[in-house]
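Chemist: First the structure, then my questions, so here it is.
The values are calculated or read from the model by the stated rules, or taken from the named source; none is laboratory data. Note that the coordinates shown come from a computational prediction; the quantities given were computed from them, not determined experimentally. Ideal geometry is used to build each Cβ from the backbone, glycine not excepted, and the neighbour counts take in all protein chains shown.
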Amino acid sequence: MSNKEPILSLIDVKFEHKLRSGRTLPIFNNINLSVHYTEFLGIVGPSGCGKTTLLRIMAGLVRPTSGRVIFRGEELTEPNPRISLMYQNPTLIPWLSIWDNVYLAISSRKEMSEIEKREKTSLFIDLVGLSGYESAYPAELSGGMKQRVALARALVTSPDLLLLDEPFSNLDPLTAINLIREVENMWLDASLPPASIVMVSHSIEEVVQLADRVLVLKGRPAEIIAELRVELERPRNRKSDEFYRYVDEIFTLVS
Ligand SMILES: Nc1ncnc2c1ncn2[C@@H]1O[C@H](COP(=O)(O)OP(=O)(O)O)[C@@H](O)[C@H]1O
Ligand SMILES: [Mg+2]
């Protein structure tokens, strides 16, 4: 498949909640978007506008009310092992060690040998900066470290597409900045998964820090009201004037 094709497309996606009263609550009417290979796409929008719902549709966890989701040229109708979603509040299994929590994500993979699975588990624990903590349990870790375990768990399956739902929003700013750097470095390293990342966030700074392209989602039902390309060199300097010009521009669009 040519890399000029999008890795994922949403075509005329509509989604509504069925309420108990029998009424429907429209979340999206008509969303069209594409994620390209090797792209870091940011989606920003106010709380409650439908960002999590959109990611769950992209992950194949939720079927749209109408419209289609195309992943690598085929319609996506169920979760796909090549797509990983890291949840807003990731939960780890409390009675399993960090090593086992990560290993669990690939334990049932038939195409990998046992040695390969073990090597991958150790590699990704190392890449997220948790080597030395393999035998610790989730309760012994800080919030930032738990988030790192969740990231290792999302990446150990070698997904082509990583979907991040407000991955840094529950972290203190310093921890968030460090983790943002690591996500960026992993994505920049072509030898490591994932090829493409979609990150949704209500934090405009986070999105400008990481994304090549930003979509602004707004309204009820939500629409993509703007699209812009972030033409800043990496790693991006949050204190620069250009950085703030992007933040301001998006802030005006969102509010
Ligand atoms: N089970 C549900 N029934 C009805 N409405 C829901 C349900 N789940 C979520 N919603 C509504 O869908 C909207 C979008 O939710 P969500 O995708 O979580 O937004 P975001 O992630 O942007 O905060 C919210 O405004 C919420 O009110
Ligand atoms: Mg959400």
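Chemist: Say we look at the range 212-235 and pick out the residues that are among the basic types (Lys, Arg) and either within 16 Å of ligand 1 (Cβ to nearest atom) or at pLDDT below 95 (or both); which of these is surrounded by the most Cβ atoms within 10 Å (Cβ to Cβ)?
Modeler: 218
Chemist: Oh, and also: Taking the residues in the range 54-82 that are within 14 Å of ligand 1 (Cβ to nearest atom) and surrounded by 18 or more Cβ atoms within 10 Å (Cβ to Cβ) as candidates, determine which candidate is nearest to residue 105 (Cα to Cα).
Modeler: 59
Chemist: Follow-up question, since we're still on this one. Does residue 142 fit the bill of being outside the structural domain of residue 194 (by TED's automatic domain parsing), surrounded by fewer than 16 Cβ atoms within 10 Å (Cβ to Cβ) and closer than 20 Å to residue 178 by Cβ?
Modeler: Here the answer is yes, as residue 142 does meet what is asked.
Chemist: A further question follows. Taking residue 125 and the conditions (1) in contact with an Asp or Glu (Cβ under 7 Å, 6 or more places away or on another chain); (2) farther than 22 Å from residue 51 by Cα; (3) part of a loop (DSSP other than H, G, I, E, B), which numbered condition does it fall short on, given that it satisfies the others?
Modeler: Just one mismatch for residue 125, condition (3).
Chemist: Filtering the range 158-182 down to residues that are within 29 Å of residue 73 (Cβ to Cβ) and modelled with pLDDT of 90 or more, which residue is surrounded by the most Cβ atoms within 10 Å (Cβ to Cβ)?
Modeler: Among those that are within 29 Å of residue 73 (Cβ to Cβ) and modelled with pLDDT of 90 or more, it is 163.
Chemist: Being in contact (Cβ under 8 Å) with a residue 60 or more places away in the chain and out of contact with any strand residue (DSSP E or B) (no Cβ under 8 Å at 6 or more places or on another chain) narrows it down to one residue among 174, 188, 192, 215; which is it?
Modeler: On inspection, the qualifying residue turns out to be 192.
Chemist: Out of the range 165-196, which residues are within 16 Å of ligand 2 (Cβ to nearest atom) and over 21 Å from residue 121 (Cβ atoms)?
Modeler: Across the range 165-196, the qualifying residues are 165, 166, 168, 169, 170, 171.
Chemist: What are the residues in the range 33-43 that are buried (at least 16 other Cβ atoms within 10 Å of the Cβ) and more than 10 Å from ligand 1 (Cβ to nearest atom), if any?
Modeler: The answer is 33, 35, 36, 37, 39, 40, 41, 42.
Chemist: Out of (1) within 30 Å of residue 232 (Cβ to Cβ); (2) part of a loop (DSSP other than H, G, I, E, B); (3) over 15 Å from the mean Cα position of the chain (by Cα); (4) of a type outside the set (D, E, K, R), the odd one out for residue 38 is which?
Modeler: (3)
Chemist: Let me ask another. Restricting the range 44-75 to residues that are under 18 Å from residue 223 (Cβ atoms), part of a loop (DSSP other than H, G, I, E, B) and free of Cβ contacts under 8 Å to residues at least 60 places away in the same chain, which is farthest from ligand 2 (Cβ to nearest atom)?
Modeler: Out of the qualifying residues, it is 65.
Chemist: If you check 130, 96, 92, which single one turns out to be within 20 Å of residue 189 (Cβ to Cβ) and either within 16 Å of ligand 1 (Cβ to nearest atom) or not in a helix (DSSP H, G or I) (or both)?
Modeler: Exactly one residue qualifies, and that residue is 130.
Chemist: Inspect the range 36-43 for any residue being in contact (Cβ under 8 Å) with a residue 40 or more places away in the chain and within 16 Å of ligand 2 (Cβ to nearest atom) and give the result as yes or no.
Modeler: Yes: one or more hits.
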